[in-house]
Amino acid sequence: YRAPFAEFVMDVKFSQNGACGVITLNRPDALNALTLSMVRDITPVLNDWARDPAVEHVVIEGAGEKGFCAGGDIRALHDWGRAGDAEATGFYREEYALNHLIKTFPKPYIALIDGITMGGGVGVSVHGRYRVCTENTVFAMPETGIGLLPDVGGTYFLPRLPGFIGTYMVLTGARLRAADLCYAGIATHYVPTAQLESLKQELAVGGDIDETLAGFHAGAGSPPLAEIRDAIDACFHADSVVDILAALAAADTDWARKQLDIINTKSPTSSAVALRQMRDGAKADFNDCMQIEMRAVTRLMALPDFYEGVRAVILDKDNAPSWTPPEHAGVAAAEIDKIFASLGADELQLGDKNA
């Protein structure tokens, strides 16, 4: 199977392997970071495969050995935003529509998250029916470190993780490996990297996906998250970042002090937005969560922290951002309310099928 003009569009490849439609994110030098053109290529192919009886299920994977997909194309978003280009928010509208398509896809959708999986990579994997991690998987939502928000459906799936693991992840940018991903339910299966080719051959045959995956599923080891789960739930249940920081300070353990220090490096505005997402998202359906994200990302793209975060982390690499406001205590609740206010005529519309 080839997308239209596939000979010119090599950032994402499509093929049919027996009963399986295969999407290969193909920017290995950029850790397969998701671009707008990739989103626009994937969407029509998925729609075609949903209707094609020859395609029983879909596999998405990343090229190269290091990353499944390290996120969205942050540099392009930065440049579009600086230039006042409509693509700065248009990218998110199309990306979120793709996330919704994956969430509501009528056939088994299997993400092989071998390697770095962050941001936009989470959006094209976690909403599928099956998420297969490996010993190489590193999974995180680190957006508050560059003045953005944990989007691509994070508002929906993160609050539904056990306890307050989602809140812990978005405020600290914690990186999870295979055992923790299985423990939290982010991954449905663990398969060693060396077994992935054999797994893909079995998937090409068709048949019962649950049985096939169960045959390859291995033990991922003891999850470190289980050891700190009580501490996470005790410190991250509060409804303000300031209160969470106070709980960490009161806990006064090495772990708690480390988390406090980490959160204090993040954008205070983004941190408050992320926490609000976790609390509002727990009570909202998928479509409403995506509307929440569209509102928030539209407003954050108009604020200084994203541009300062990209400068500090990606452009100048001094890792010394100057946030506005600089302290978590300086974030006004009324300003966060504005970030989550309706977009009116510009509200995100995702079709009739709600998940």
message: Looking at (1) in contact (Cβ under 8 Å) with a residue 40 or more places away in the chain; (2) under 26 Å from GLY173 (Cα atoms), which one does PHE105 not meet, given that it meets all the others?
response: (2)
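What number of residues in segment 182-195 are hydrophobic (A, V, I, L, M, F, W, C) and open to solvent by 50 Å² or more (accessible area, probe 1.4 Å)?
Qualifying residue count for the region: 1.
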field: In segment 196-226, the residues that are open to solvent by 60 Å² or more (accessible area, probe 1.4 Å) and closer than 10 Å to VAL132 by Cβ
entry: HIS217
Per-region count, segment 70-99, residues at pLDDT 95 or above and either touching a His at 6+ places or on another chain (Cβ under 8 Å) or on the phi > 0 side of the Ramachandran plot (or both): 1
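State all residues of segment 118-149 that are among the acidic types (Asp, Glu) and surrounded by fewer than 24 Cβ atoms within 10 Å (Cβ to Cβ); if no residue qualifies, say none.
GLU135 - this is the single residue of segment 118-149 that is among the acidic types (Asp, Glu) and surrounded by fewer than 24 Cβ atoms within 10 Å (Cβ to Cβ).
Which is open to solvent by 40 Å² or more (accessible area, probe 1.4 Å), out of contact with any His (no Cβ under 8 Å at 6 or more places or on another chain), closer than 17 Å to MET141 by Cα and of a type in the set (D, E, K, R), of ARG257, ARG276?
ARG276
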task: Could you look through segment 98-117, keep only residues that are open to solvent by less than 20 Å² (accessible area, probe 1.4 Å) and hydrophobic (A, V, I, L, M, F, W, C), and pick out the one that is farthest from GLY71 (Cα to Cα)?
output: PHE105
- prompt: Can you tell me how many residues in segment 98-129 are within 15 Å of the chain's Cα centre (by Cα) and assigned to a strand (DSSP E or B)?
  reply: 6
- request: Among the residues of segment 10-46, count how many are open to solvent by 50 Å² or more (accessible area, probe 1.4 Å), acidic (Asp, Glu) and in contact with a strand residue (DSSP E or B) (Cβ under 9 Å, 6 or more places away or on another chain).
  value: 1
- request: Considering each of THR117, THR144, THR188 in turn, give the residue that is of a type in the set (S, T, N, Q), within 20 Å of ASP239 (Cβ to Cβ) and in contact (Cβ under 8 Å) with a residue 40 or more places away in the chain.
  value: THR144
message: Looking at GLU308, GLU293 in this structure, which one is under 18 Å from PRO142 (Cβ atoms) and in contact with an Asp or Glu (Cβ under 7 Å, 6 or more places away or on another chain)?
response: GLU293
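Could you tell me whether GLY344 is over 21 Å from TRP80 (Cα atoms), over 18 Å from the mean Cα position of the chain (by Cα), surrounded by fewer than 16 Cβ atoms within 10 Å (Cβ to Cβ) and touching a residue at least 24 places away in the same chain (Cβ under 8 Å)? Spell out the reasoning first.
Values: over 21 Å from TRP80 (Cα atoms): yes; over 18 Å from the mean Cα position of the chain (by Cα): yes; surrounded by fewer than 16 Cβ atoms within 10 Å (Cβ to Cβ): yes; touching a residue at least 24 places away in the same chain (Cβ under 8 Å): no.
No; evaluated as a whole, the condition is false for this residue.
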statement: Checking ALA345, ALA249, ALA272, ALA320 in turn, the sole residue that is at pLDDT 95 or above, farther than 26 Å from TYR96 by Cβ, assigned to a helix (DSSP H, G or I) and small (Gly, Ala, Ser) turns out to be ALA249
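The values are calculated or read from the model by the stated rules, or taken from the named source; none is laboratory data. Quick caveat, the model's predicted, so the values are computed rather than measured. Neighbour counts are summed over all protein chains in view; Cβ atoms, including those assigned to glycine, are modelled from backbone coordinates with ideal geometry. Keep in mind that these areas ignore ligands, DNA and RNA; they rest on the heavy atoms of the full protein, side chains included. Shrake-Rupley method; radii C 1.70, N 1.55, O 1.52, S 1.80 Å.
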